[in-house]
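What follows is one structure encoded as structure tokens, with my remarks underneath.
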Amino acid sequence: AQSVAQPEDQVNVAEGNPLTVKCTYSVSGNPYLFWYVQYPNRGLQFLLKYITGDNLVKGSYGFEAEFNKSQTSFHLKKPSALVSDSALYFCAVRGLSSGSARQLTFGSGTQLTVLP
Amino acid sequence: SQTIHQWPATLVQPVGSPLSLECTVEGTSNPNLYWYRQAAGRGLQLLFYSVGIGQISSEVPQNLSASRPQDRQFILSSKKLLLSDSGFYLCAGRTSGNTGELFFGEGSRLTVL
């Protein structure tokens with residue numbers, strides 16, 4: 001079975017400072033990894049994904065994530081946070097060996113608040 | 001690009017009344033489709049998924065049902081709503097054969113009184 005852990009329910013960071021939202025995963029075989037963002041009362045928006053290749057993945061709105069196979073982590077990062085980055089962030093994983101249409105396993109979400 | 005249209009955006013219904021939430025997909029054919037429920041602005045619970053017309057798999061036994069009458073149409077229904085059915089419902093899709101990325105609708109906020 002595959003699983004995702006987002007160990008922090010809440011992350012606060014000052015505007016202009018770097019931000020990190022943590023994610024670790026467990027899956028059989030090589031993973032597909034994803035980050036999504038959700039603003040209040042809205043659907044989830046795709047930010048970025050890791051499939052294969054370079055461990056550092058760049059995505060939308062200046063976000064990036066680093067895949068670390070030995071630590072089974074896929075932390076989301078941004079060099080300089082904006083107040084408008086305040087939202088709920090979800091990490092998700094799908095194992096390559098998964099044939100089920102159940103698809104992605106989502107983490108429980110991390111609420112990011114960027115303070116002005 | 002793929003787009004999901006979901007409606008209604010908000011709905012307030014009395015206990016015991018029926019429910020119908022609908023989503024339609026644009027920009028892709030033969031997608032896998034999903035209904036999720038999100039309670040209290042947090043984790044996503046997968047309710048149903050469908051790999052094709054008339055094919056529905058239920059993840060959680062409950063008061064809800066789903067149907068897929070057309071390739072790009074997915075409907076969530078209930079005959080009699082319970083208070084516990086309140087929540088934020090999200091329709092999602094995935095193009096068959098791609099790398100597993102989901103695209104989501106804007107959600108439907110259901111309040112059962």
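Values computed for the structure shown
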{"quantity": "A:F90 touching a Ser or Thr at 6+ places or on another chain (Cβ under 9 Å), in a strand (DSSP E or B), without any contact (Cβ under 8 Å) to a residue 24 or more places away in the chain and within 12 Å of chain B (Cβ to nearest Cβ)", "calculated": "no"}
{"quantity": "In segment B:69-113, the residues that are farther than 19 Å from A:F106 by Cα and among the charged types (D, E, K, R)", "calculated": "B:D71, B:R72, B:K79, B:K80, B:D85, B:R109"}
{"quantity": "Index of the failed condition, A:Q45 passing every other in (1) assigned to a loop (DSSP other than H, G, I, E, B); (2) in contact with a strand residue (DSSP E or B) (Cβ under 7 Å, 6 or more places away or on another chain); (3) under 30 Å from B:S86 (Cα atoms)", "calculated": "(1)"}
{"quantity": "Residue list for segment B:56-103, filter: part of a loop (DSSP other than H, G, I, E, B), within 14 Å of chain A (Cβ to nearest Cβ) and open to solvent by less than 20 Å² (accessible area, probe 1.4 Å)", "calculated": "B:G100, B:L102"}
{"quantity": "All positions within segment B:104-113 that are more than 7 Å from every other protein chain (Cβ to nearest Cβ), buried (at least 16 other Cβ atoms within 10 Å of the Cβ) and over 9 Å from A:N41 (Cα atoms)", "calculated": "B:L110, B:V112"}
{"quantity": "Subset of segment A:13-42 that is assigned to a strand (DSSP E or B) and over 10 Å from the mean Cα position of the chain (by Cα) - its residue that is nearest to the other protein chains (Cβ to nearest Cβ)", "calculated": "A:Y32"}
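The values are calculated or read from the model by the stated rules, or taken from the named source; none is laboratory data. None of these values were measured; they are calculated from a predicted model. Note: ideal-geometry Cβ built from the backbone for every residue, glycine included; neighbour counts use all protein chains shown. Each accessible area value is taken on the protein alone, full model and side chains, heavy atoms only, with ligands, DNA and RNA left out. Shrake-Rupley method; radii C 1.70, N 1.55, O 1.52, S 1.80 Å.
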